[in-house]
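Trainee: Take this structure, written in structure tokens, and hold onto it; I'll ask about it next.
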Amino acid sequence: MFVTWNWKLVRSSSQYYDLRIGRYTIKLRPEYFQIIFGEWGEWKKYHLPPFSLKGATVLDIGAGCGETALFYFIHGVERVICVEPNPDLARIISENVRSNEWNVEVQARSFDTGMLNLDFDFMKMDCEGCEIRLLSADTLPSCVMEVHDGQILHALTSKFGLRVASVKTVGKNSRNNDFERRQFRMYYLGWRFTRVREKLHKTHGLRRFYYAIILVILELHPDFANVYRARWGRVWEAYYFPDKGTGGGLGE
């Protein structure tokens, strides 16, 4: 799958990576460069609703450097409201907005339920625990979210009828939970992938086939999917589509 994606590492330093995906170039801090490689496949599987987002507005809670905004623009949305309380990340989002001419509103503050009254069609929430604040809301919009606590998941499910699309569990082996070690490995995997992909597009014949095989092997490495979640014992991908019904859909 990675082999067919139009990705290119434009430049890199110890502080930032510039990654071109399709017609967009996004500035990322190193840890978010790792995340976009490790999470993109799961975003395609779990962060899209079972209805078209073409022309829609997305409320992006936990926007990072703007990587999920980019993901949704690639899938046809018209506008994204990025909520990111980290001022450094919010600044990077603004830089990416200007360089790509995105239709984005940046809210550099923490999520609160008043944001549910904004004008949007779909919400994505990945805010490392702020999903607990949804329990004080009366209703939920169409949304997908990551939930990091089983009790909160149960409460949201009981109140709103949230559905679980996927659950990821990290083993108790301390070697598997060594986030710093695996973060460095992910850094290397991402760097290695972009270099091999560049060579793939510059070669022909058997050598091109050789590089394609290397890319597939890198994609299948478990750290691509698991490195970010190594900080958590368990993460649930959940969804709620009140206008489309909650049956079927993601992960089924």
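Trainee: First check a/c for region 52-136, with a ≥ b ≥ c the square roots of the eigenvalues of its C-alpha gyration tensor; if it is under 1.5, answer rounded, and if not, answer prolate when a/b is larger than b/c or oblate otherwise.
Mentor: On the way: a/c = 1.95, a/b = 1.21, b/c = 1.62.
In terms of gyration-tensor shape, oblate.
Trainee: Spin-label point model (7 Å from Cα, Cβ direction): what's the Glu128 to Thr113 distance in nm?
Mentor: Distance between the two pseudo-spin positions: 2.5 nm.
Trainee: Taking a ≥ b ≥ c as the square roots of the eigenvalues of the Cα gyration tensor of region 46-90, is the shape rounded (a/c under 1.5), prolate (a/b larger than b/c) or oblate?
Mentor: Details: a/c = 2.41, a/b = 2.14, b/c = 1.13.
Since a/c reaches 1.5 and a/b is larger than b/c, the shape of region 46-90 is classed as prolate.
Trainee: Now, a different point. Once you have the Cα-Cα distance between Lys159 and Ser13, take 0.36 nm times their residue separation minus that, and quote the gain in nm to one decimal. Walk me through the intermediate numbers first.
Mentor: Working: separation 146, 0.36 × 146 = 52.56 nm, distance 4.62 nm.
Roughly 47.9 nm would be gained on extension.
Trainee: Tally the DSSP beta bridges in region 16-141 and give the antiparallel ones as a percent, rounded to 5.
Mentor: Working: 5 of 18 bridges.
Percentage antiparallel, nearest 5: 30.
Laboratory data are not the source of any read-out in this text; all were calculated from the coordinates shown. This one's a predicted model, so the numbers in the text were calculated from it and none came from an experiment. Cβ coordinates were reconstructed from backbone atoms using ideal geometry, including for glycine residues, and neighbour counts include every protein chain displayed.
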